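*Asks:* Have a look at the structure that comes next, please.
The values are calculated or read from the model by the stated rules, or taken from the named source; none is laboratory data. All of these numbers come straight from a predicted model, not from anything done at the bench. Cβ coordinates were reconstructed from backbone atoms using ideal geometry, including for glycine residues, and neighbour counts include every protein chain displayed.
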């Protein structure tokens, strides 16, 4: 089968990206699976599922998994709700791009450069907020401050795609502001919300940087995340269990993203 000039150009264009994807992501992932199934990290002694069993039974892993799931359920729900309402408010007020930029800027600010400010907030004399039951709430606030801008851009783009004729028709029919938001804005924002949900889930794993900079390798048990567990395993050079844990982490992420995508597809089919 002979390729046309456009197809050849397409293949040439995508080949470097595909090579990078295989070299940076796919091959290391396959190697990690192979390593996680080994009995010993020193030399090959056969395959076993003991590493996965040990990780699942590990109290630190169970605690970290519970914290991560709790953080995602609460943090992502608050993120989507807050940014959706804020985006609608900014869009309705026709806010200046500079105001929108103010919400986006925290994405560009390195965590290390603002960690001193956060330390001053959580440490009041001998009192450390991160050593209390409110630690998770404070981490969620940091997460929203850091990543809300990207989700706002997603919602603002979605709002910009809604035809003006729909709003004109609603105004003629005497629809209230709440009715417009409920019956026009929210249904039209479903694609943007689905994409924003996936991005927010992925970003929820990035909050580890702030936790590590604030509390080090062993933070309060309420904010001990899967990334803390993986980092501690890496420091101890426990390669086989590290590989097993990282694969389980990837499985959790893919499972959550798969559920979100499936829910969106099923809802879209029902509306057709």
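*Asks:* What do you reckon, is residue 71 over 23 Å from residue 156 (Cα atoms), modelled with pLDDT of 85 or more and assigned to a helix (DSSP H, G or I)?
*Replies:* Taking the combined requirement at face value, the residue satisfies it.
*Asks:* Would you mind finding the one in 148, 95, 102 that is assigned by TED's automatic domain parsing to the domain that holds residue 76, surrounded by 14 or more Cβ atoms within 10 Å (Cβ to Cβ), free of Cβ contacts under 8 Å to residues at least 40 places away in the same chain and over 19 Å from residue 216 (Cβ atoms)?
*Replies:* 95
*Asks:* Also: When you scan segment 105-130, how many residues do you find that are surrounded by fewer than 15 Cβ atoms within 10 Å (Cβ to Cβ) and in a helix (DSSP H, G or I)? Steps first, please.
*Replies:* We begin by selecting, within segment 105-130, every residue surrounded by fewer than 15 Cβ atoms within 10 Å (Cβ to Cβ); these are 105, 107-110, 112-113, 116-117, 119-121, 123-127.
Keeping just the survivors that are in a helix (DSSP H, G or I) gives 105, 107-108, 112-113, 116-117, 119-121.
Counting residues in segment 105-130 that are surrounded by fewer than 15 Cβ atoms within 10 Å (Cβ to Cβ) and in a helix (DSSP H, G or I) gives 10.
*Asks:* Shifting gears a bit: Does segment 123-133 contain at least one residue that is in contact (Cβ under 8 Å) with a residue 40 or more places away in the chain, farther than 24 Å from residue 82 by Cβ and assigned by TED's automatic domain parsing to the domain that holds residue 83?
*Replies:* yes
*Asks:* A further question on this structure: Looking only at residues in segment 176-227 that are part of a loop (DSSP other than H, G, I, E, B) and under 26 Å from residue 154 (Cα atoms), which one is nearest to the chain's Cα centre (by Cα)?
*Replies:* 189
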